[in-house]
1. What's the local net charge at Asn208, with K and R +1, D and E -1, over the other residues with C-beta under 14 Å away?
2. Would you mind telling me the share, in percent, of accessible area of the chain contributed by carbon and sulfur at probe 1.4 angstrom?
3. Tell me the label-point distance for the pair Ala235, Leu178, using the 7 Å Cα-to-Cβ offset, in nm and rounded to one decimal.
4. Only Lys, Arg, Asp and Glu count, each charged at its Cβ (+1, +1, -1, -1), so figure out the dipole size of the chain about its Cα centre, rounded to 20 debye.
5. Mind giving me the nanometre distance, one decimal, between the label points for Arg80 and Val105, set 7 Å out from Cα along Cα→Cβ?
6. So if each residue of separation counts as 0.36 nm, and I subtract the Cα-Cα distance between Glu15 and Lys292, what length gain in nm does that give?
7. Can you give me the C-alpha center-to-center distance between the range 59-118 and the range 215-239, rounded to a whole angstrom?
8. Only sites in a loop by DSSP and with at most 16 other Cβ atoms within 10 Å count here; which chymotrypsin sites (Phe, Trp or Tyr not before Pro) in the range 126-204 make the cut?
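The values are calculated or read from the model by the stated rules, or taken from the named source; none is laboratory data. Quick caveat, the model's predicted, so the values are computed rather than measured. Neighbour counts run over all protein chains shown; Cβ positions are idealised from the backbone, glycine included. Remember, those area values only see protein heavy atoms, side chains included, never the ligands or the DNA or RNA. Shrake-Rupley method; radii C 1.70, N 1.55, O 1.52, S 1.80 Å.
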Amino acid sequence: MTTTHNPKKAEGINEVHERFLSYVYTMSLLKTRLRGFDEDSFVRINQKEVEARFFIWPFYTRFNEIRKLIKEGYLQKELRYIPEIGRKVDYYKCLRPCTPDPSLVIVDEPVLGETQKFMLNCLLNTSLKEGSTSTTYFDFFLQYKSSFPFHFFKFDGFSGRLHTPVTSLPGQTRKNLLLFSEPVVSLDVNQMQPQILGKILKDNLRRNEFSIYMDAGADIYKMFAGKYKLHSREAGKKRFFEILYSRPNQDLLTVFGYSNWIEWVNNFKKKRIKANPHAHKPHSNIAWLLQKKEVEIMKSVWIALRCAGIPFLTVHDEIICKESDKKAVSEIFSEILKENFVNCKIKIS
C-alpha cells in the first residue's frame with residue numbers, strides 16, 4: 001500500500017515534524033552507499049523508534065502526525081512485506097528537500113583492526129579535484145566525514161564487502177578523486193567473479209568447460225554480448241550476472257550448451273546454506289559465495305598494502321591508489337592474484 005499526496009502549503013508543521021523529516025532524509029541519503037539516491041530511497045523505521053524519539057506519547061499520536069505529514073505532501077509511506085519476519089512494516093520517503101542531520105542517526109562505533117583503521121584513515125583523507133562533478137551523498141560525506149566517520153564506513157553483513165561514499169561514486173567521477181591531495185589511478189581485476197567461479201568449479205568438479213575458459217583467458221562478458229546480440233561488453237556483463245544470480249534456470253545453456261558446471265550452479269542455488277545471511281533465498285547462494293571469496297582475496301591485498309604503508313581506497317575488486325604508488329600496488333596486487341588464479345589480468349586506468 002502506498003500513501004502520497006501532492007505538496008501544498010503546510011499547516012501545523014513544527015520542529016518535531018521537521019526533525020523527523022530530517023531523520024528520514026538523512027537515512028535515505030546514507031542508504032546511497034549501497035544503491036543510489038533514487039526512486040527507491042524509502043527507508044524502514046520502526047514504529048517504536050518513531051514514538052520513542054520523535055512523536056512521543058502522550059504529547060503526540062504517531063498515527064495522526066504521520067498522516068498530517070503525508071497530507072501536507074512532505075512524506076510518503078509504504079507498507080512492505082518482509083519475508084524474514086513474516087509481516088508488513090512501514091517504509092518512509094521524504095518528498096521535499098530537507099537539511100540532513102547525521103547526529104540523528106545512531107551508529108555504533110565498530111571495533112576495527114589495524115588494516116581497517118588504515119583504510120578508514122585513507123577514506124577520511126579523500127577529496128575531489130576542484131570543479132569535479134559530485135553527488136549529493138558524496139558532498140554530504142565531505143561535509144561530515146570528520147565528525148561522523150562511522151556513518152560512511154560499513155562492512156555489509158551479507159559477504160563482508162566494504163561500502164563507502166567512494167563505492168557508490170560513478171566511475172567517471174572516481175577518476176577525479178584525490179587521496180592525501182594527490183591524483184589517483186584505478187587497478188581493477190578483469191572478470192574477478194567469473195575467475196572465482198572458475199576456481200570454485202575446478203575445486204568441486206575438477207575438469208569443466210567454464211574453468212577451462214577462464215584459465216585460457218576467455219572474455220565471458222563478450223561471449224554473452226555476442227550470443228544475446230547486446231550492444232556492448234558491459235551489457236554482456238550485466239546479462240551474465242542477471243542469469244548467474246537469478247533462480248535456477250537453463251539460460252546459461254544458451255551460451256554454453258549443456259555442461260556439468262551449469263548443473264552444479266543450479267543445484268547450489270537450491271541448497272539451504274545456513275552460513276548465507278539470505279538463506280531464505282537459496283538462489284542468492286552463488287552471489288554470497290562469489291562475493292565472500294572476493295572479499296577474502298581482497299583482504300589479502302588490503303593487508304599487504306597496509307603493511308607496505310601504501311594508502312588506498314577500495315571498491316569491491318578495485319584498488320584506487322595515488323599515481324605515484326601505481327607500480328608498487330600493481331606488483332603487490334598481481335602477486336596475490338597469481339596465488340589464486342591461473343590467468344587473471346589487472347586493468348589500470
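1. Numbers: positive: Lys199, Lys202, Arg206, Arg207; negative: Asp203, Glu209, Asp215, Glu263.
That works out to 0.
2. Numbers: 8950 of 18080 Å².
Accessible surface attributable to carbon and sulfur in the chain totals 49 percent.
3. Roughly 3.9 nm, to one decimal.
4. Numbers: 54 positive and 39 negative charges, 215 e Å.
Charge dipole of the chain: 1040 debye, to the nearest 20.
5. Going by the 7 Å Cα→Cβ label model, 1.5 nm.
6. On the way: separation 277, 0.36 × 277 = 99.72 nm, distance 4.43 nm.
Residue separation times 0.36 nm, minus the Cα-Cα distance, leaves 95.3 nm.
7. Centre-to-centre (Cα) distance: 39 Å.
8. On the way: sites: Tyr137, Phe138, Phe140, Phe141, Tyr144, Phe150, Phe152, Phe153, Phe155, Phe158, Phe180; in loops: Phe152, Phe153, Phe158, Phe180.
Passing both the DSSP loop test and the Cβ count: Phe158, Phe180.
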